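Input: a single structure, listed below in structure tokens.
The values are calculated or read from the model by the stated rules, or taken from the named source; none is laboratory data. For clarity, every value in this text was computed on a predicted model and none was experimentally measured. Neighbour counts are summed over all protein chains in view; Cβ atoms, including those assigned to glycine, are modelled from backbone coordinates with ideal geometry.
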Amino acid sequence: MHKSTKTSYVFIVNKSKGSNLGNADVADSFFSRFKGLMMVKNLERSLILKLPSERSRRASGIHMFFMRIPLDVIFADSQKKVVDVVTLDPWTTYTPIAAAKYVIELKKGKLKDSNTEIGDELDFTCETA
């Protein structure tokens, strides 16, 4: 479990498709974003990485170093509109096609199950999101 990375607990919905993306923790500090889901064996909840303002496309990229499981990843802008989606394996890196404010790390298969794609609008709320 990744208790040390969570600062808030939220529920994610794809408003465009009316689909449920499940529960997530929010990582909004440098350390919680850095740790992310590294070394997690069983993903109980997704993780939303809230990036600092004014991040460029390149600075919105992520790494999968020290990851033990593959992930579906959604990149969303400040309006919570999906700007990129990808499935990543451990020990890879990825830079999204557009700058993101939120990086949502999900259990592999959630993208397909929810039919989430670029342009979809998401909804999640918490005191830090």
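Scanning the range 109-129 for residues that are modelled with pLDDT under 95 and either surrounded by 14 or more Cβ atoms within 10 Å (Cβ to Cβ) or among the aromatic types (Phe, Trp, Tyr) (or both) gives LYS110, LEU111, ASP113, SER114, PHE124, CYS126, ALA129. In the range 9-52, of all residues being touching a helix residue (DSSP H, G or I) at 6+ places or on another chain (Cβ under 6 Å) and not hydrophobic (A, V, I, L, M, F, W, C), the one that is modelled with the highest pLDDT corresponds to ASN14. The listed residues are LEU106, LEU49, LEU37, LEU21, and the only one of them that is in contact with a His (Cβ under 8 Å, 6 or more places away or on another chain) and under 18 Å from TYR9 (Cα atoms) turns out to be LEU37. Among the residues of the range 56-73, the ones that are more than 20 Å from TRP91 (Cα to Cα) and either surrounded by 15 or more Cβ atoms within 10 Å (Cβ to Cβ) or touching a strand residue (DSSP E or B) at 6+ places or on another chain (Cβ under 7 Å) (or both) come to 1 in all.
Listed here are the residues, each with its yes/no results for (1) among the hydrophobic types (A, V, I, L, M, F, W, C); (2) over 22 Å from PHE30 (Cβ atoms); (3) out of contact with any Pro (no Cβ under 6 Å at 6 or more places or on another chain).
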residue: ILE74; (1), (2), (3): yes, no, yes
residue: GLN79; (1), (2), (3): no, yes, yes
residue: VAL85; (1), (2), (3): yes, yes, yes
residue: LEU88; (1), (2), (3): yes, no, yes
residue: TYR102; (1), (2), (3): no, no, yes
residue: LYS108; (1), (2), (3): no, yes, no
residue: ASN115; (1), (2), (3): no, yes, yes
residue: GLU121; (1), (2), (3): no, yes, yes
residue: THR125; (1), (2), (3): no, yes, yes
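Does LYS110 fit the bill of being charged (D, E, K, R), over 20 Å from SER19 (Cβ atoms) and in contact with an Asp or Glu (Cβ under 7 Å, 6 or more places away or on another chain)? No: the conditions fail for LYS110.
Entry remark, the range 78-94: residues being charged (D, E, K, R) and surrounded by fewer than 15 Cβ atoms within 10 Å (Cβ to Cβ) number 1 in total.
All told, LYS80 meets the bar of being closer than 23 Å to ASN14 by Cα, touching a Leu at 6+ places or on another chain (Cβ under 6 Å) and touching a residue at least 40 places away in the same chain (Cβ under 8 Å). Within the range 82-127, being over 12 Å from the mean Cα position of the chain (by Cα) and hydroxyl-bearing (Ser, Thr, Tyr) holds for THR92, THR93, TYR94, THR95, SER114, THR116, THR125.
Restricting attention to the range 65-81, which residues are closer than 12 Å to GLU121 by Cβ and under 11 Å from the mean Cα position of the chain (by Cα)?
Of the range 65-81, the ones closer than 12 Å to GLU121 by Cβ are 74, 76-77, 79-81.
Selection gives ILE74, ALA76.
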